[in-house]
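The values are calculated or read from the model by the stated rules, or taken from the named source; none is laboratory data. Everything quoted here is computed from the prediction, not taken from an experiment. Cβ atoms come from the backbone with ideal geometry, glycine included; neighbour counts cover every protein chain shown.
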Amino acid sequence: MKKEKSKYNPWENSAYMVRLAWNYKKSVIFLCVLGALLEVVRSVLELYIVPVILEKIENQSSLRILLGTIGAFILGMTVISGLQAYVKKNQDNGRVYVRVKILQQIHYKFCTTSFPHTEDPEVLKKASKAGDSAGAPWHGVEAIWKTLADLIRDVLGLMIYLGLLSTLDIKLLVLITITTILGYLINQRVHEWEFQQREQKAEYTQKIHYIDSRAADITLAKDLRIFRMKPWLHQAYQETLDLYKQFIGRCEKVSFSGDVLDAMLAMFRNGIGYYYLISMLFKEGMPISAFLLYFSAVNGFTSWMTGILTGVNKLQQQSLEITTVREFLELPELFQFEKGESLQPQAGLSYEIELRNVSFRYPGASQDTIHCLNLVIHPGENLAIVGVNGAGKTTLVKLICGLYDPTAGEVLLNGKNIKVYNRRDYYRMFSAVFQQFSVLEVSLAENIAQIDTPIDFNKARSCLEKAGLAHKLEELPQGFETHIGRKVYEDGIQLSGGEMQRLMLARALYKDAPVIVLDEPTAALDPIAENDIYLKYNEMTEGKTSLFISHRLASTRFCDRILLLNEGEIIEEGTHDALLHLNGEYAKLFNVQSKYYRQGGKIDE
């Protein structure tokens, strides 16, 4: 399979990270360069300290000069050590800060991106990879700073050592260079083989992690005991662990073989280098100080070259991770946001929503979910949408709310296509209770208000009363400050399914948007609680347009108009009584449901 070319090369991504650091934390760049320079200076001082002192002794320099030389080196090493300690102490804070800023960008992008992206597997994969690439210090977004610092250090060090060794036989430098590159290529081949095995390794670790997490999951505690699942889980875990151990054994054998070959090349390279220097020491009378200098420089030259090769390889890998971040952040949006027209919805104003010849088909689907649908929702109208599962009810509501754009046709707000608006402004038109909702581990008041501005507690209390949850508030010792959930706060409470649904209803009322959307808002309520919601429905929706989705046809009788959907089309519409009088599909569905109540669960054939 052809390898996909990365959108950005390592140098482009390095420049990208430098620009981010320049905008967020300039000290990251300064400390990166300073740290590299200090390591080179320290290495050069360590290289020269013994040969220079030995040269002074060979030349029978005075004690004052000898001590002065030693003191100069000690002072230099002390200054370098102090500066390195400063760099080490301060560099991590800046690097983490830049990485966290990038994580914030990723989270903001996902929270604000066009809604269809949140259901697109390819986009979700990009988001996951981007999060992984910025999720830990050892991944590309932060680790690149160490790699860049190491490359700067190794390039400067190689240039200095190359200048030093250039006085020796060129054949020796060529030999050192070739054997160093061969050793690197052997290690690189081993690393590539290990990289190719990552899918198999991930398969084992994923299975082990899954079994381990499920066994520790409190939701499985009852099943573990009732169905005696422990032996089965233990056997599955042990079998997978044994396979993983065998896999690790194979990897270690390959790695060991690579290490042996690399060691043999190093032995050959160093042996030739040392033989050459020893020959010069005895045959040409090279001073001991010069011998020690060149002896150390041979090893140093190899280290710098290996460091450059390794650094370039690391930079390529880290660049791929940074590319995944950039590709996600630069993902084109399906809707207009800041560039769209501003819209400032206000409760009490008249808003008419029209769907004109609207069709919608999910990506990859063979047929439309909504097909050539026309609908006008009048200001202040209470509209019910009913139908069997798969009829397109929730999809229709998402089109109305602007979460999807039609495949064909258009959605209009007061006669204007909603595509022209800033979509985030358009979302302010709606308060919604969907079947799937989010509850944060924060206070009761914060879950109702969903804002970080000062909360109107009188309004929150009124919304709880309308939603039928005021009695729960009185039972709580900390009132509105009570924490919901126990994953974050030890004093948190757990709400029942029905209480949670009422809380979501109170949240929708608090937003006070012109249109309220209720998608099965009473599914978790008992009949008495459900009836209480219906009795308060007109009060809750006063002055607003409302969309009510339900499978229970009896619950729609308080609505001004009912739409019966089937296969993405409106097949009947009218009031509850009018549709019963029509004696069509709505009446048939209603009679089927009502028989269960009249016959005690038995249908009269």
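Quick look at the numbers
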quantity	calculated
Residue among I308, I385 that alone is among the aliphatic types (A, V, I, L, M), closer than 23 Å to I571 by Cβ, outside any loop (DSSP other than H, G, I, E, B) and in contact with a helix residue (DSSP H, G or I) (Cβ under 6 Å, 6 or more places away or on another chain)	I385
Among (1) at pLDDT below 90; (2) surrounded by 14 or more Cβ atoms within 10 Å (Cβ to Cβ) - the single one I80 does not satisfy	(1)
Count of region 391-411 residues which are more than 27 Å from the chain's Cα centre (by Cα) and touching a residue at least 60 places away in the same chain (Cβ under 8 Å)	7
Qualifying position, being surrounded by 14 or more Cβ atoms within 10 Å (Cβ to Cβ) and either farther than 27 Å from L162 by Cα or in the same structural domain as T323 (by TED's automatic domain parsing) (or both), among A36, A85	A36
Hits in region 442-458 (condition: more than 22 Å from L403 (Cβ to Cβ) and either of a type in the set (S, T, Y) or surrounded by fewer than 14 Cβ atoms within 10 Å (Cβ to Cβ) (or both))	S443, D452, T453, P454, F457, N458
Tally, over region 225-234, of residues that are surrounded by 11 or more Cβ atoms within 10 Å (Cβ to Cβ) and not aliphatic (A, V, I, L, M)	3
Positions within region 422-461 being touching a residue at least 40 places away in the same chain (Cβ under 8 Å), in a helix (DSSP H, G or I) and out of contact with any Ser or Thr (no Cβ under 8 Å at 6 or more places or on another chain), in sequence order	Y426, N447, I448, A449, K459, A460
Checking G131 against (1) free of Cβ contacts under 8 Å to residues at least 40 places away in the same chain; (2) within 16 Å of T306 (Cβ to Cβ); (3) in contact with a Leu (Cβ under 8 Å, 6 or more places away or on another chain), the condition it does not meet	(2)
Conditions (1) out of contact with any Asp or Glu (no Cβ under 6 Å at 6 or more places or on another chain); (2) surrounded by 16 or more Cβ atoms within 10 Å (Cβ to Cβ); (3) part of a helix (DSSP H, G or I); number of the one not met by F335	(3)
Qualifying position, being assigned by TED's automatic domain parsing to the domain that holds L148, part of a helix (DSSP H, G or I) and touching a Lys or Arg at 6+ places or on another chain (Cβ under 8 Å), among L233, L241, L315	L233
Tally of residues being modelled with pLDDT of 75 or more, farther than 17 Å from Q501 by Cα and of a type outside the set (V, I, T) across region 527-551	4
Filtered residue count, region 134-164, keeping only those that are hydrophobic (A, V, I, L, M, F, W, C), in a helix (DSSP H, G or I) and free of Cβ contacts under 8 Å to residues at least 60 places away in the same chain	1
Some residue of region 483-495 being surrounded by 15 or more Cβ atoms within 10 Å (Cβ to Cβ), part of a strand (DSSP E or B) and free of Cβ contacts under 8 Å to residues at least 40 places away in the same chain	yes
Selection status of L349, closer than 15 Å to V517 by Cβ and touching a Pro at 6+ places or on another chain (Cβ under 8 Å)	no
Cross-chain or 6+ apart pairs with Cβ under 7 Å, region 569-592 first and within 24 Å of L396 (Cα to Cα), then in a helix (DSSP H, G or I) and among the small types (G, A, S)	L579/A587; L580/A587
Among (1) part of a helix (DSSP H, G or I); (2) surrounded by 15 or more Cβ atoms within 10 Å (Cβ to Cβ) - the single one Y8 does not satisfy	(1)
L75 being in contact with a helix residue (DSSP H, G or I) (Cβ under 8 Å, 6 or more places away or on another chain) and either more than 30 Å from N23 (Cβ to Cβ) or among the charged types (D, E, K, R) (or both)	no
Among the residues listed as L469, L518, the single one being surrounded by 19 or more Cβ atoms within 10 Å (Cβ to Cβ) and either in the same structural domain as I218 (by TED's automatic domain parsing) or out of contact with any Phe, Trp or Tyr (no Cβ under 6 Å at 6 or more places or on another chain) (or both)	L469
Qualifying residue in region 394-414 (condition: at pLDDT below 90 and either surrounded by fewer than 22 Cβ atoms within 10 Å (Cβ to Cβ) or in the same structural domain as N566 (by TED's automatic domain parsing) (or both))	yes
Pick from region 165-183, criterion of a type in the set (V, I, T) and in a helix (DSSP H, G or I), ranking: nearest to S14 (Cα to Cα)	I181
Candidates V52, V87, V18, V96, filtered to the one that is touching a residue at least 60 places away in the same chain (Cβ under 8 Å), in a helix (DSSP H, G or I) and on the phi < 0 side of the Ramachandran plot	V52
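Matching residues to (1) surrounded by 15 or more Cβ atoms within 10 Å (Cβ to Cβ); (2) touching a helix residue (DSSP H, G or I) at 6+ places or on another chain (Cβ under 6 Å); (3) at pLDDT 90 or above:
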position	(1), (2), (3)
S14	yes, no, yes
I29	yes, yes, yes
C32	yes, yes, yes
E55	yes, yes, no
